[in-house]
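Each remark here refers to the structure printed beneath this line.
The values are calculated or read from the model by the stated rules, or taken from the named source; none is laboratory data. If you're wondering where the values come from, they're calculated on a predicted model, not measured in any experiment. Methodologically, a virtual Cβ is constructed for each residue, glycine included, from the backbone with ideal geometry; neighbour enumeration extends over all protein chains shown. Remember, those area values only see protein heavy atoms, side chains included, never the ligands or the DNA or RNA. Shrake-Rupley method; radii C 1.70, N 1.55, O 1.52, S 1.80 Å.
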Amino acid sequence: MEKLLPQNIEAESGVLGSIIIDPEAIVQIADFLLAEDFYRDAHRTIYEVILQLYQQQQPADFITICDELERRGKLEDVGGPSYVTSLINQVPTSGNVEYYGRIVERTAILRRLIHAAGEIAATAYQEGDADIALEKAEQLIFNISQRHAHADFSPLRDILSEYMSKLDQLHERRGSIVGVPTGFTDLDRITGGLQRSDLIILAARPAMGKCLTAWTMIDNPLTGARRTIEEYVKQQLPQVLNISKKGTIQAATIADWVDSGVQPCYRVQTCLGRMVEVTAHHPFLTEQGWRPLHDLRVGQRIGVPTVVPVFGTDESLPLERVRLLAQFLAKGERPLEANDDAIQWLRESGVTDNAASETFFPPYVWLWSKHYLAEFLRVLMSSNGSFVTVQGRQKIEFAGASQQVAADVHHAFTRFGIVANYYHKSESAWCVEITAPESVAGYQQEIEGQHFVVASSPRGDDAIYWDEIAAVDAIGMHQVYDLTVPDGANFIAQDVFVHNTSFALSLAHNSAIKHKQSIAVFSLEMSKEQLVQRFLSMDAGIDQQRLRTGWIEDDEWERIVFAMGTLSEASIWIDDTAGISTMEMRSKARRLKAEHGVDLVIVDYLQLMQSTAGGSRNKNREQEISEISRNLKGLAREINVPVLALAQLSRAVESRSSKIPQLSDLRESGSIEQDSDIVMFIYRDDVYNPESERKNIADIIIAKHRNGPVGEVSLFFQASQTRFRDLEVSPPTE
């Protein structure tokens, strides 16, 4: 026999009868009892009429109720005037109306739970994605619990009593922090800490000046093609090579493509002949960690990859054509054995119409398989290379009139893990020279012998060659771009390691360690391991790069062990789900709040989120960002904690003479400003002005503060540990 749904018809009749005999009784239940809470349809209809009369400030007695039901054409549906009269006879007094109302509410909640259970079961059968099914289930239950939760008026005397207790605590601390402390004295003074239910936006330009000129070449690990960074940004190509946190060269996914406008640039050349053009603040990998260019000097060593293991798969051409192209580029003239068809093919390749000094590798060369590229280099070197022995050591050299061909040979060798020197030998000759014994052996094996070794990418120091800076030259103003690569926070461009985000992490570290707050970090840009490395670097005061590569001095281990003990006690929770949706984030935050308690949620960063699982299909990006910001504000209110979301500024900053950010610079959506309670910007003058007197100083600009003053706070930025500190009389050196 099927069970009836939970209900109490007598209690429903008691509610309605109480109101009919005493219309003022409605005020005791109107704030919690809804028409949909009634089980019997007739009762639901009568209560809807009572609520409408109440909202219209009309008494809900027998006459007015029957009149309104008649006007709606529903009087007979509810049983006529006689049924309304019978409700009056159900109760002798209206004194118990709230009690009856709570019974009706309770049975309604039980029915909703049963209905939700059915929906959850149906979802489990129909939804293939378990995470989405779980989120829907949690949302159904959460909606019921939220509907059941009610706030009520509090007498002023109770509120004053609670506030006096808080005021006593504040007086004891002699501070003004009423929210979550950031650990930055001046910032806490202005904000009073981060307030519950607030959405705080922390915005800055992506990479803050760490950019490369438009024509910087990047090797596409998916195809082998060489593309400019401008092409990468405009076509949003998905992958690059980088050095992983484990020290291996790997393919990495790009999270964002950044157009940074026109900025002053510098050409950096190394002793190996590698060259890259960057902005003054762009970091390079040194033996002491990542260092911005303006802190480096000629003679210092930077890391370059020993191998760029990228090859295509194309073998569509006959090998004879591959050899023909090599012979032509080696000599800059038509090979004697070439027939007219071959010459026509060379002409179509775009290489025959140039002078010998202006030839180059056609773009399709980089799409060739490893075997084809090796054969191409073998013939090229056989035609225009030399193999000599100097003082018992072998040397392999290529020399030619074309600077670009020599540069292309230099890069092609790097694909095989052959480290070579590239330099201007004479007025009419450019040279590529292999002298290191391991590279000579590599050439003989990989190119001459073509006995390819199938092995993993080199690890650690084997993947890095420490190359001296030979020259740094200003080259004027140029269009620059950058890429955001979450895994490893670096990528390989022009055969050099280049870096690409921390204030939010410094804030999280301060709040958790100094003030024992519980912090939830949703990291869409960096992995859990990278975040741990940054926290450890902050706490132990040791350069991040040396932590990553294991270059730890004996006297530093004690600091590391102590820092790990401190961090282990900290209440910091990290989720590094890439491209997380707001739905999934809210579900996880609710669960964490219920199970462990949370004082602050940090989102790094807003533009990497999705409004729905799997991405939006029907909204443009601005609409989606608007929805994301609204949902983050909803999350802050829902779990009653501050949400600090990192966001990007538009490139409008770069086009102005003053680079100081403004509210109008918030990227992709004005609703970010509208939904936020506080908007803060990070500005570093030395990013844009290499000669700035404010070296390593970061200005935190509070541009919007819904419930307090705006202002500016200056902090010391320690780049080697990506750490922000309160300004000191003698700030720590890097």
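What a 1.4 Å probe finds exposed on segment 206-298 is 50% carbon and sulfur by accessible area, rounded to a whole percent. Quick one: if the Förster radius is 60 Å, what FRET efficiency do ALA652 and GLU70 give, using the C-beta to C-beta distance and rounding to 0.05? Efficiency, from the Cβ-Cβ distance: 0.45. Under a 5 Å amide H cut-off, with hydrogens placed 1.01 Å from N, ILE464 pairs with THR306 among residues at least 5 apart or on other chains. For the residues MET381, MET477, a 1.4 Å probe over the protein chains yields an accessible-area ranking, largest first, of MET477, MET381. As a ratio to 2.2 N^0.38 Å, the alpha-carbon radius of gyration for segment 282-365 is 1.70. Put a dot 7 Å past the Cα of ARG297, heading toward its Cβ, do the same for ALA30, and the two dots end up 8.0 nm apart.
Cross-link pairs exceeding 24 Å in C-alpha to C-alpha distance, out of LYS136/LYS588; LYS331/LYS425; LYS514/LYS633; LYS136/LYS593, comprise LYS514/LYS633. Summing charges over all other residues whose Cβ lies under 15 Å from the Cβ of TYR443, with Lys and Arg as +1 and Asp and Glu as -1, gives -1. Here the gap between ILE141 and ASP61, fully extended at 0.36 nm per residue and compared with their Cα-Cα distance, gives a gain of 25.1 nm. Calculated FRET efficiency, TRP215 to ASP129, Cβ-Cβ distance, R0 = 41 Å: about 0.45 to the nearest 0.05.
Taking amide H atoms as placed 1.01 Å from N in the peptide plane, the amide H of VAL598 has no partner under 5 Å among residues 5 or more positions away or on other chains. Taking the 1.4 Å solvent-accessible surface of segment 354-419 as the whole, the part contributed by carbon and sulfur is 49%. Listed values for segment 296-313 are Karplus-derived 3J(HN,Hα) couplings in whole Hz (6.51 cos²θ - 1.76 cosθ + 1.60, θ = phi - 60°), namely 9, 9, 4, x, 6, 9, 10, x, 10, x, 6, 8, 10, x, 10, 9, x, 10, and x replaces Gly and Pro. The Cα atoms of segment 31-135 give a gyration tensor whose axes a ≥ b ≥ c have a/c of 1.5 or more with a/b greater than b/c, which makes the shape prolate. Packing around the peptides 424-430, 19-25, taken as the average count of other Cβ atoms within 10 Å per residue, puts them in this order, highest first: 19-25, 424-430.
Name the shape class, rounded, prolate or oblate, that the alpha-carbon gyration tensor gives for segment 223-359, where a ≥ b ≥ c are the square roots of its eigenvalues, rounded holds for a/c under 1.5, and otherwise prolate holds if a/b is larger than b/c and oblate otherwise. It is prolate, given that a/c is not under 1.5 and a/b is the larger ratio. Summarising the amide proton neighbourhood of THR286: residues at separation of 5 or more, or on other chains, whose placed amide H is nearer than 5 Å comprise ARG291, GLY303. Computed packing ranks the peptides 120-130, 85-95, 406-416 as 406-416, 85-95, 120-130, most packed first, by mean other Cβ atoms within 10 Å. Rolling a 1.4 Å probe across the protein heavy atoms gives segment 283-401 an accessible surface of 46 Å² per residue. Using the Cβ of ASP699 as centre and a radius below 10 Å, the other residues enclosed give a net charge of 0, where K and R count +1 and D and E count -1.
Measuring r between the beta carbons of THR248 and HIS371 and using R0 = 25 Å, the FRET efficiency lands at 0.55. Applied to segment 530-537, the Karplus parametrisation 6.51 cos²θ - 1.76 cosθ + 1.60 on θ = phi - 60° returns per-residue 3J(HN,Hα) values of 5, 5, 4, 4, 5, 4, 5, 4 Hz, with x for Gly and Pro.
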